[in-house]
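Working notes, structure below.
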Amino acid sequence: MRAGQSLSSLTSTLLTQLEGCFNDEIPDLVLGHGDTTTCFTTALSCFYHRIPFFHVEAGLRTHLLDTPFPEEFNRQSIAPLARHHFAPTETERQNLLNEGIGISSITVTGSTVHDAVDLIRTKNSPKNSLPFELPQDRKIVAVTLHRREGLHSLENTLHGIRLAAEARKDALFICPIHPNPIVQSAFRKCLVDLENVKLVQALDYASFIKLLLKTHLVLTDSGGVQEEASFLGKRTLIARTKTERDDGIKDGLASLVGVNPEHIFSSISKNLDYDSASVCFNRLEKRSTEIITDYIEKAAV
Amino acid sequence: MKKISIVIGTRPEAIKMAPVYISLRKRFGNSVKLISTGQHQELLWLCS
């Protein structure tokens, strides 16, 4: 997406590009993931080209069409276009059933992010290291904030982090910052002068997982990070008022803290005083990627 | 062999579809293709 590109122009560009791809060669089936404009336009283009579309991470819902924007619209619009739905958990399967999706078109798979995290954890490549040192004598708090609809509340959240950093010198706040210039400037303005806040460039995935493994606490507005952190058994504060994911919440590891500075400050401080959460992995018997691959092998298309 | 395309455009999609791509390639070989739309060009390289 080019800087300043509107959703309309992104949508039309992607549809045109996908048409070019599918005109070159018609696949037997296409897989897309989640709730992005890419996934929505792929499902729509497949529908126009009569290609079966299989949706991975299907069925997440807030049931508020513009929250998150435009992702909730994308999800709801992908569902009727998809031939098959790979739902992470029973909750998402039920959401789809409630919308009239046929029971035989849904498979519960678990989240593929667990397989992604495992790939990183078991891979011993030099890329698998952090570009900075982490002190042993401080509690590490990883901070990631970037959501589009959250930009107006970003300053509030950052203010809460500032209060926490000023009060808790026993903690070191590591903030990998999204490349979005608005996000970059908001972080600098609010936090750059604090000795126990480290503003760093966005990390590659392997490094980010390594950072998560060493953290005491995670503060994020990203559903993906919520999933990864709770899979790794980390305490997670979600700087949003609503989340469509259960990950961590039902285990008491993750909690919604909203965007009020005082509340964020007190939540960070309280959680710093808890022991590190014990690492407990929620595993299905079979890997999600294996379930998806087996299903695709059998699927008649 | 089934011709399968995986379409991704952002970093989270790349991360979460990487193990699916690897698993499908093991089973179906070269008939599995990856298409990147470049929706978030600045983030896709981080996954390489």
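B:Leu46 meets all of the listed conditions (1) touching a Ser or Thr at 6+ places or on another chain (Cβ under 6 Å); (2) at pLDDT below 90 but one, namely (1).
Considered as a group, the residues in segment A:198-207 that are out of contact with any helix residue (DSSP H, G or I) (no Cβ under 6 Å at 6 or more places or on another chain) and in a loop (DSSP other than H, G, I, E, B) include one that is surrounded by the most Cβ atoms within 10 Å (Cβ to Cβ), and that residue is A:Leu203. For segment B:1-28, the set of residues classified as among the basic types (Lys, Arg) and at the interface with chain A (Cβ under 7 Å from one of its Cβ atoms) consists of B:Lys2, B:Lys3, B:Lys16, B:Arg27, listed by residue number. Taken over segment A:183-196, the criterion of being assigned to a helix (DSSP H, G or I), of a type outside the set (Lys, Arg) and surrounded by 12 or more Cβ atoms within 10 Å (Cβ to Cβ) is satisfied by A:Val183, A:Gln184, A:Ala186, A:Phe187, A:Cys190, A:Leu191.
When the helices (runs of 4 or more DSSP H) confined to segment A:51-157 are screened for residues that are of a type in the set (S, T, N, Q), open to solvent by 20 Å² or more (accessible area, probe 1.4 Å) and in contact with a Gly (Cβ under 9 Å, 6 or more places away or on another chain), those reaching at least 2 such residues are found at A:90-98.
The values are calculated or read from the model by the stated rules, or taken from the named source; none is laboratory data. Fair warning: this is a prediction, and the values are worked out from it, not measured in the lab. Glycine gets a Cβ as well: all are built from the backbone with ideal geometry, and neighbour counts include every protein chain shown. Ligands, DNA and RNA are stripped out before the accessible areas are found, and what is left, the full protein with its side chains, is counted by its heavy atoms. Shrake-Rupley method; radii C 1.70, N 1.55, O 1.52, S 1.80 Å.
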